[in-house]
Amino acid sequence: MKPLFDQLVHKYSLDTNERSLTMQLVYGVLRHRHLLDRMLQLLSKTPLGKLDPFVHQALAVGLYQLFFLERIPQSAAVNEAVESCKVAKIPQRLHGFVNGVLRQAIRQKETIATKAQSDSSNKPILNHPEWLVERWRQNYGFEETKRICRANNCEPTLVVRVNSPTIQREDFCRILEEAGIPCRPGAYSPVAVILPDFHGSITSIPGYGQGFFQVQDEAAQLATGLLGPFHPGKRYLDACAGLGGKTSHLLQLARTHGLHVQGVEPEAHRRKKLRENLARLFPGENPDIYEGQLQQFACHRGDLFFDGILIDAPCSGTGVTGRHPDIRWNRRPEELMRYQQEQLSLLSVAAGLVAADGLLVYATCSLEGEENEQVIRQFLAAHQEFVLTDCTPHLPVPAHRFVDNNFFIPHPSETIDGFFAARMQRR
């Protein structure tokens with residue numbers, strides 16, 4: 001959804017404040033979709049399925065503003081919803097319907113807010129599809145499922161990774177504070193900074209153009225460290241480079257430890273963003289990025305082997321539905337096995353690139369066993385030259401509590417994204 005959102009922001013030339021509000025509205029409605037629909041059921045006799053789609057969404061946006069955004073005047077929320085229907089040429093009779101529903105919501109605000117917390121059968125509204133709630137309930141219990149869902153329904157906190165060879169964390173925090181941007185050190189990663197109240201454009205943060213930081217959650221920052229301990233002259237590969245979060249972290253470590261780092265990214269749009277990020281963070285350098293599939297890279301790399309390979313695999317993304325709320329509504333349970341096959345294929349190819357005693361770190365931002373523990377079990381059964389090792393010694397002490405059965409498995413919370421990582425060594 002993010003590329004589409006960025007296209008629309010560019011198309012309508014939204015300034016920083018307009019972009020921030022628009023994102024808050026779009027993502028907020030997605031995070032509270034079931035709750036807003038429940039409110040509509042309580043406020044209108046018209047079944048949701050019979051509502052005009054545009055009217056349905058206009059009401060959802062209006063209700064979100066009324067119940068979640070205190071700074072927007074109630075009259076403005078109602079008027080803008082009605083005005084949007086006029087601009088979209090919705091039949092005039094529906095203008096009064098939208099106006100009436102939202103004004104009724106204002107009059108009955110406290111009652112509606114209370115009643116909408118549960119559905120018609122008195123089950124709590126969790127704002128996640130039923131199949132996902134039921135799967136988590138079976139895997140984690142109902143209390144943990146409710147906690148995960150409620151964490152996902154909160155607006156996430158912005159976390160960045162300081163480019164430590166360029167600037168120290170303390171100095172970066174001082175720059176932010178001088179600019180009036182509240183910040184604090186991360187809870188787990190030694191190079192993380194949290195910006196708890198920032199909602200503007202990333203490019204407007206001081207130091208963006210100078211390459212002082214990269215947006216990255218602490219879980220993803222910690223995953224790169226699982227390739228340690230790092231030694232000068234060793235070779236490392238980010239086999240699924242994407243937009244470059246972990247590749248740039250490896251390159252950051254390369255400056256400190258004297259490592260050789262390469263990346264693989266087949267998709268042209270991601271690769272373009274990757275190179276832009278690397279050019280901003282490491283100006284004047286030309287990191288080695290292979291433009292093709294990992295299988296192709298394996299065929300062309302000659303006799304080159306790596307001391308550490310990171311597979312940040314494509315996955316369902318169910319651990320980051322707080323940051324990307326569209327994921328929860330777009331995923332289907334039958335997709336999990338398709339992801340699993342792709343993940344096993346990537347691991348199998350990567351296994352042939354690992355040097356003797358080298359490390360293979362597998363990571364996803366999924367909470368689903370089919371993409372995590374099952375993948376590792378199947379891989380180790382087929383590749384007995386690898387052994388699972390404990391993640392604990394390679395994580396900062398505060399993150400030790402996220403290790404279970406040697407795996408790094410934080411669940412979504414206010415301080416960290418849902419994640420999975422396994423560290424394997426070639427013996």
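The values are calculated or read from the model by the stated rules, or taken from the named source; none is laboratory data. None of the values given here were measured: they were computed from a predicted structure. As a convention, Cβ positions derive from the backbone with ideal geometry for all residues, glycine included, and neighbour counts pool all protein chains shown.
A few points about this structure:
- Of the residues in region 205-216, none is outside the structural domain of PHE402 (by TED's automatic domain parsing), in contact (Cβ under 8 Å) with a residue 60 or more places away in the chain, among the small types (Gly, Ala, Ser) and closer than 18 Å to PRO396 by Cα.
- Matching residues in region 39-51 - criterion: being farther than 15 Å from GLN104 by Cβ and buried (at least 17 other Cβ atoms within 10 Å of the Cβ): LEU51
- Those residues of region 46-94 which are outside any helix (DSSP H, G or I) and under 28 Å from the mean Cα position of the chain (by Cα), in sequence order: LEU69, GLU70, ARG71, ILE72
Listed here are the residues, each with its yes/no results for (1) under 27 Å from VAL133 (Cα atoms); (2) touching a residue at least 24 places away in the same chain (Cβ under 8 Å).
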residue	(1), (2)
ASP6	no, no
ASP15	no, no
LEU63	yes, yes
ALA76	no, no
VAL101	no, yes
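- Subset of region 256-283 [touching a Phe, Trp or Tyr at 6+ places or on another chain (Cβ under 9 Å) and surrounded by 13 or more Cβ atoms within 10 Å (Cβ to Cβ)]: HIS257, LEU259, HIS260, VAL261, GLN262, GLY263, VAL264, GLU265, PRO266, ARG280, LEU281
- Residues in region 52-61 that are in contact (Cβ under 8 Å) with a residue 24 or more places away in the chain and either in contact with a strand residue (DSSP E or B) (Cβ under 7 Å, 6 or more places away or on another chain) or surrounded by fewer than 21 Cβ atoms within 10 Å (Cβ to Cβ) (or both): ASP52, PHE54, GLN57, VAL61.
- When PRO229, PRO206 are checked against the criterion of being out of contact with any Pro (no Cβ under 8 Å at 6 or more places or on another chain) and within 27 Å of CYS154 (Cβ to Cβ), a single residue qualifies: PRO206.
- Looking at SER189, SER248, just one residue is of a type outside the set (Phe, Trp, Tyr), outside the structural domain of ASP312 (by TED's automatic domain parsing), modelled with pLDDT of 95 or more and under 27 Å from PHE420 (Cα atoms), and that residue is SER189.
- Filtering region 252-271 to residues that are part of a helix (DSSP H, G or I), more than 20 Å from the chain's Cα centre (by Cα) and under 19 Å from LEU294 (Cβ atoms) leaves only ALA268.
- Selection status of ASP217, in contact with a helix residue (DSSP H, G or I) (Cβ under 9 Å, 6 or more places away or on another chain), closer than 30 Å to VAL29 by Cα and of a type outside the set (Lys, Arg): yes
- Filtered residues of region 396-410 (kept if over 10 Å from ALA219 (Cβ atoms) and not in a helix (DSSP H, G or I)): PRO396, VAL403, ASP404, ASN405, ASN406, PHE407
- The helices (runs of 4 or more DSSP H) located wholly in region 308-395 that include 3 or more residues which are in contact with a His (Cβ under 9 Å, 6 or more places away or on another chain) and not basic (Lys, Arg) occupy 335-351.
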